[in-house]
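Encoded as structure tokens, the structure appears first; notes follow it.
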Amino acid sequence: MPDDAPEPIQLDPRALSARDCYYLVTSVVVPRPIGWVSTLGANGVYNLAPHSYFTALSDDPPIVGFSSTGLKDTVRNVRFSGDFVVNVVSEELAEAMNVTATDFPPDQSEFVWAGLTPAPSARVRAPRVAEAPVALECRLLQILELGNAPAYFVIGEVLLFHVQPRVLRDGRVDPALLKPVGRLAGSGYSRTAAGLFTIKRLRWEDVRQREPPLV
């Protein structure tokens, strides 16, 4: 670091408002994958909502999780049915995804308003988005309450993957064909395919032959 480089600003989360802390976290933890979660309500209505606090937690067995700040329809429905489906948001579905982020009342289905097709799942009660390039049928494992709001972290085991052939190359999902959308801060989103690059994974045997960088 140059000698004249300014010192970083230190921000204590305990001294920030919840809103300011939200803007800080969502602007630095980027881009975030979007878990487009479809569920079935106790009233029989299909719900669909995007969750940008979403990640993979395990691959054997495959386990994923998403977080919802506050008790919303998605969490209520997961508690009711014990399952959910995570759909991948590709570029062509971004506008429809944005519609489903609206605060619809529980008796209204986001599928209808966004012009999307609820397709039957094979192993869970929740529907999947027929237009999505990939969908993950999940069985609920656990719901954790985190933070002050609180945030409800929903963890589920993937029971079945639905993958459209158009996103496969050599038997694997190709990010360039999948074209997933990432969430940034505020109303910002990122395209993945346009900025793809690869870096070869190194082994210790490769690195040990180099001179360590000077600090």
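Sorted from longest to shortest, the spans of the Cα atoms of region 91-215 along the three principal axes equal 64, 43, 32 Å.
Report the calculated FRET efficiency for ASP107 and ILE143 (r = Cβ-Cβ distance, R0 = 25 Å), to the nearest 0.05. Efficiency, from the Cβ-Cβ distance: 0.60. Summing +1 for each Lys or Arg and -1 for each Asp or Glu among the other residues whose beta-carbon sits under 13 angstrom from that of GLY115 gives -4.
Normalised by the residues of the chain, what does the relative contact order come to in percent, with Cα pairs under 8 Å and at least six apart?
21
Can you tally the net charge around SER27? Count Lys and Arg as +1, Asp and Glu as -1, for every other residue whose Cβ sits under 13 Å from the Cβ of SER27. Around SER27, the surrounding residues sum to +2.
Take PHE104, PHE84, PHE161 and order them by how many other Cβ atoms sit within 10 Å, fewest up front.
On the way: PHE104 19, PHE84 29, PHE161 11.
Exposure proxy ranking, most exposed first: PHE161, PHE104, PHE84.
Listed by Cβ neighbour count within 10 Å, with the fewest neighbours leading, TYR23, TYR46 appear as TYR23, TYR46. Taken along the Cα-to-beta-carbon direction at a fixed 7 Å, the label points for ARG166 and ARG79 span 3.9 nm. Label-to-label distance, VAL25 versus LYS72, with points set 7 angstrom from Cα along the beta-carbon direction: 1.4 nm. Note on semi-axes √(5λ) of the Cα gyration tensor in Å: of the candidates (i) 34, 19, 15; (ii) 33, 24, 17; (iii) 37, 19, 16, the value calculated from this structure sits at (ii). In terms of surrounding Cβ atoms within a 10 Å radius of their Cβ, SER81, SER90, SER187, SER38 rank from fewest to most as SER187, SER81, SER90, SER38.
Laboratory data are not the source of any read-out in this text; all were calculated from the coordinates shown. For clarity, every value in this text was computed on a predicted model and none was experimentally measured. Backbone-built Cβ (ideal geometry, glycine too); neighbour counts: all protein chains shown.
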